[in-house]
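Every read-out reported here was derived from the displayed coordinates using simple, explicitly stated rules and does not represent laboratory data. Since we're looking at a predicted model, the values are computed, not measured. Cβ: placed from backbone, ideal geometry, glycine included. Neighbour counts: every protein chain shown.
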Amino acid sequence: MDGVITRAEHEEFCRRMEAENQRLEDENNRQNHRIEAVEKTTQLIASLAASVEKLAANMENMAKEQERQGKRLETLESRDGEMWRKAAGYVITTVIGIAVGFVFKQIGI
């Protein structure tokens, strides 16, 4: 009986093949779970990247607005300071005028 296998050999081969198939199926299931986890992580990273991109755009807009507001505030502050300098100049001119007028009155001019 050349090339013929016995029933016991055939059943042993079947058991080994079933065990190997079960091992491969278990490994496939583990790999599938790992792939799902990687896909979820990739989606989270993509979502995070989009959020960071939006945040960067908002920060850029905020920086531009802050710069614009800073220039506006600087203009307003300088305007107030300028008004105070003018008012102080008028007061000083008036005081000097009164003092000069008083001196001239005393002198008799």
Three-way shape label, the stretch 1-48, alpha-carbon gyration tensor, a/c 1.5
prolate
Return the sequence-ordered ³J(HN,Hα) values of the stretch 10-23 in whole Hz as given by the Karplus equation 6.51 cos²θ - 1.76 cosθ + 1.60 applied to θ = phi - 60°, using x for Gly and Pro.
5, 5, 5, 4, 4, 4, 5, 5, 5, 5, 5, 4, 5, 4
What FRET efficiency, computed as 1/(1 + (r/R0)^6) with R0 = 35 Å and r the Cβ-Cβ distance, is obtained for ILE5 and ARG30, rounded to the nearest 0.05?
0.55
Assuming a ≥ b ≥ c are the square roots of the Cα gyration tensor eigenvalues, decide whether the stretch 21-75 counts as rounded (a/c under 1.5), prolate (otherwise, with a/b larger than b/c) or oblate.
prolate
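Taking 2.2 N^0.38 Å as the expected size of a compact globular protein, what ratio does the Cα radius of gyration of the chain give against it, to two decimals?
That ratio works out to 3.51.
Counting helices only, and only those DSSP H runs with n ≥ 4, report the 222 nm mean residue ellipticity of the chain as the sum of -39,500 (n - 2.57) divided by its residues, in deg cm²/dmol to the nearest 500. Mind showing how you got there, number by number?
Details: 1 runs with 101 residues, N = 109.
My calculation for the chain gives -35500 deg cm²/dmol from helical runs alone.
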If the viscosity is 0.890 mPa s and the temperature 25 °C, what translational diffusion coefficient in µm²/s does Stokes-Einstein give for the stretch 49-109 when Rh comes from Kirkwood over Cα pairs?
154
